[in-house]
There are 2 protein chains.
Amino acid sequence: MARATGCNLETIRYYEKIGIMPDPPRSVKGYRSYDDAHVKRLNFVMRSRDLGFSLEEVRGLLGLVDDQSRTCAEVQVIAEDHLTDVRAKIADLKRIERVLSDTVARCTGDAAPECAVIDALLEA
Amino acid sequence: MARATGCNLETIRYYEKIGIMPDPPRSVKGYRSYDDAHVKRLNFVMRSRDLGFSLEEVRGLLGLVDDQSRTCAEVQVIAEDHLTDVRAKIADLKRIERVLSDTVARCTGDAAPECAVIDALLEA
DNA sequence: CTTGAGCCTGTATCAACTACAGACCCTAGA
DNA sequence: TCTAGGGTCTGTAGTTGATACAGGCTCAAG
């Protein structure tokens, strides 16, 4: 399944341990054997993670997927909360980007000990 | 010093343990006593962290601050590397924001089990 | 004299993995 | 048949940047 999905082997076993993935059936010698349902579920997890959902959020989403009586509204709440987080992170990084690029732009980049970056970090 | 800087007490001691902050002199009873130089250094660390520098990067910057023969060029390299990281993170989050907001926009938000977000996560 | 606050050390916890160690097992080639 | 190499198994420790205790000492105010 690691090969099929591109997911790290250890990560799959980690997901199993924390209950994100179900315990798969085992061969006589104890080897895990996965089927299409497992692969599908892992892909769901990977796509969710790729969109920045935390494992707890993924757990919530999986619970809704498994539950036939789930509603679109329930999913929407999780997704919108996450979207809010993402937007806050972007705003924060943009602030950092602005400060940092402004400061670096004032660097001479030469062999002198005076440096705009150091000055900025030293001053309030 | 925690009050003076707004830094968490445990965090200051953590910085001391990992060598970011120097071991301060102690009173007879073992209480740490800090002076202006400590406060200044901690402020430097806090501002660096606020700009998203990792503690290892902060360590590097502090090394350069302490070193009289440091050059602007050396600092510039660290800052520009970090700026590249920050820009990459912004780009990544923007991609996520786009996908997520497009998908959430297709949510009906009603009590039906059909959900655009789940569909998007289930499909390749 | 007590009560509450502050400081001390040291260890455990968090997320989300990753990286081993040490033991099996299985297949292909000599 | 033997062996070399890869794969799998379990279980534990490490990563980053803190934060949260537990259990004990000290100190100032009332």
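The values are calculated or read from the model by the stated rules, or taken from the named source; none is laboratory data. Here the structure is a predicted model, which means the values were calculated and not measured. As a convention, Cβ positions derive from the backbone with ideal geometry for all residues, glycine included, and neighbour counts pool all protein chains shown. Heavy atoms of the whole protein, side chains included, go into the accessibility calculation; ligands, DNA and RNA do not. Shrake-Rupley method; radii C 1.70, N 1.55, O 1.52, S 1.80 Å.
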- Message: Just to be sure before I move on: is A:Phe53 within 30 Å of A:Lys89 (Cβ to Cβ) and away from DNA strand C (no atom under 12 Å from the Cβ) in the structure I sent?
- Response: no
- Output for Cβ contacts, cut-off 7 Å, separation at least six or different chains, first residue at pLDDT 95 or above in segment B:1-29, second in a helix (DSSP H, G or I) and acidic (Asp, Glu), reads B:Asp23/B:Glu16
- Message: Only one of A:Glu57, A:Glu80, A:Glu10, A:Glu74 is more than 27 Å from B:Ala116 (Cα to Cα), out of contact with any Pro (no Cβ under 9 Å at 6 or more places or on another chain) and among the acidic types (Asp, Glu). Can you tell me which?
- Response: A:Glu10
- Note on the structure: A:Leu51 meets each of (1) aliphatic (A, V, I, L, M); (2) within 16 Å of DNA strand D (Cβ to nearest atom); (3) within 9 Å of chain B (Cβ to nearest Cβ) with one exception, condition (2)
- Meets criteria (out of contact with any Pro (no Cβ under 8 Å at 6 or more places or on another chain), aliphatic (A, V, I, L, M) and either outside any loop (DSSP other than H, G, I, E, B) or open to solvent by 50 Å² or more (accessible area, probe 1.4 Å) (or both)) for B:Met46: yes
- Among (1) within 16 Å of DNA strand D (Cβ to nearest atom); (2) open to solvent by less than 50 Å² (accessible area, probe 1.4 Å); (3) assigned to a helix (DSSP H, G or I) - the single one A:Met21 does not satisfy: (3)
- Message: within 15 Å of DNA strand C (Cβ to nearest atom) and either over 24 Å from A:Ala91 (Cα atoms) or assigned to a loop (DSSP other than H, G, I, E, B) (or both): is that true of B:Val77 in this structure?
- Response: no
- Item | Scan of segment A:62-95 for residues that are within 17 Å of B:Leu121 (Cβ to Cβ) and small (Gly, Ala, Ser), ordered by number | A:Gly63, A:Ala73, A:Ala79
- Filter segment B:3-38 for residues that are over 16 Å from B:Leu55 (Cα atoms), within 18 Å of the chain's Cα centre (by Cα) and within 8 Å of DNA strand C (Cβ to nearest atom) and give the result. B:Leu9
- Message: With the requirement that a residue be part of a loop (DSSP other than H, G, I, E, B), at the interface with another protein chain (Cβ under 7 Å from one of its Cβ atoms) and surrounded by fewer than 17 Cβ atoms within 10 Å (Cβ to Cβ), what does segment B:97-111 give you?
- Response: B:Thr108, B:Gly109, B:Asp110, B:Ala111
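Name the one entry in A:Ile90, A:Ile118 that is within 7 Å of chain B (Cβ to nearest Cβ), within 30 Å of B:Thr84 (Cβ to Cβ) and within 24 Å of the chain's Cα centre (by Cα).
Every option except A:Ile90 fails the conditions.
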- Qualifying position, being away from DNA strand D (no atom under 16 Å from the Cβ), assigned by TED's automatic domain parsing to the domain that holds A:Lys89 and out of contact with any Asp or Glu (no Cβ under 8 Å at 6 or more places or on another chain), among A:Ala37, A:Ala79: A:Ala79
- Message: Restricting to segment B:65-74, count the residues that are in a helix (DSSP H, G or I) and more than 7 Å from every other protein chain (Cβ to nearest Cβ).
- Response: 2
